[in-house]
Amino acid sequence: ITWKWRDRSGSERTVMATPNLNEGVVTVIDLGTYQTIKQIKTLGPGFFLRSHENSRYAFTDSMMSKEHKNALQVIDKQTLEVVAQITAEPGQTLAHVEFSRDGRYALASLWEQDGALVVIDAQTLQEVKRIPAKKPVGKYNVWNKISRSEGTSH
């Protein structure tokens, strides 16, 4: 995903971040220089990283991890630090965040047979609601994709 980031001097630049499928790290790269700005340690290897231009946060999962596949970590897009963690029960998989069109809500998949679409307030990071679903996968926000919303993979 990409977003506008201000460095310590106040210079704004576009950065790209990507999770690592084999290690617990999100790599942030300056798209002007292609230099790595930071390696953000996470609980485990992840697959999905999502944000929205109206959110100060990016959500990453650890679904490729045996121990921490139940955890989402929340990264502050300006400090490039993990600032919160959202967890499901041990052994469950909580993954694949997508944002609502306006960026107000982050929608996570509790990827279980008796799972749910977990609706999270994207500012307070509090769970708002759970919508029961059987192994909810493949939920994508088409508007965010076709409008090239910042923080959505394309």
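The values are calculated or read from the model by the stated rules, or taken from the named source; none is laboratory data. Predicted model only: the values in this text are computed from it and were never measured. Backbone-built Cβ (ideal geometry, glycine too); neighbour counts: all protein chains shown. Accessible surface areas use protein heavy atoms only, side chains included; no ligands, DNA or RNA. Shrake-Rupley method; radii C 1.70, N 1.55, O 1.52, S 1.80 Å.
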- Query: Quick one: Gly151 ticks every box in (1) buried (at least 16 other Cβ atoms within 10 Å of the Cβ); (2) part of a loop (DSSP other than H, G, I, E, B); (3) at pLDDT 95 or above bar one, so which box is it?
  - Reply: (3)
- Query: Out of segment 33-62, which residues are buried (at least 24 other Cβ atoms within 10 Å of the Cβ), outside any strand (DSSP E or B) and touching a Gly at 6+ places or on another chain (Cβ under 6 Å)?
  - Reply: Thr42, Ser51, His52, Ser62
- Message: Any residue at all in segment 69-76 that's over 17 Å from Val26 (Cβ atoms) and not β-branched (Val, Ile, Thr)?
- Response: yes
- Item | Subset of segment 63-94 [at positive phi and either open to solvent by 10 Å² or more (accessible area, probe 1.4 Å) or touching a Gly at 6+ places or on another chain (Cβ under 8 Å) (or both)] | Gly91
- Selection status of Lys66, closer than 20 Å to Gly24 by Cα, free of Cβ contacts under 8 Å to residues at least 24 places away in the same chain and among the charged types (D, E, K, R): yes
- Task: Would you mind stating whether Glu23 is open to solvent by 60 Å² or more (accessible area, probe 1.4 Å) and within 21 Å of Ala106 (Cβ to Cβ)?
- Result: no
- Message: Name the residue that is farthest from Ile37 (Cα to Cα), counting only residues in segment 95-112 that are open to solvent by 10 Å² or more (accessible area, probe 1.4 Å) and outside any strand (DSSP E or B).
- Response: Glu112
- Taking segment 75-94 and keeping only residues that are outside any strand (DSSP E or B), in contact with a strand residue (DSSP E or B) (Cβ under 7 Å, 6 or more places away or on another chain) and over 15 Å from Val137 (Cα atoms), one is left with Lys77, Gln78, Leu80, Ala88
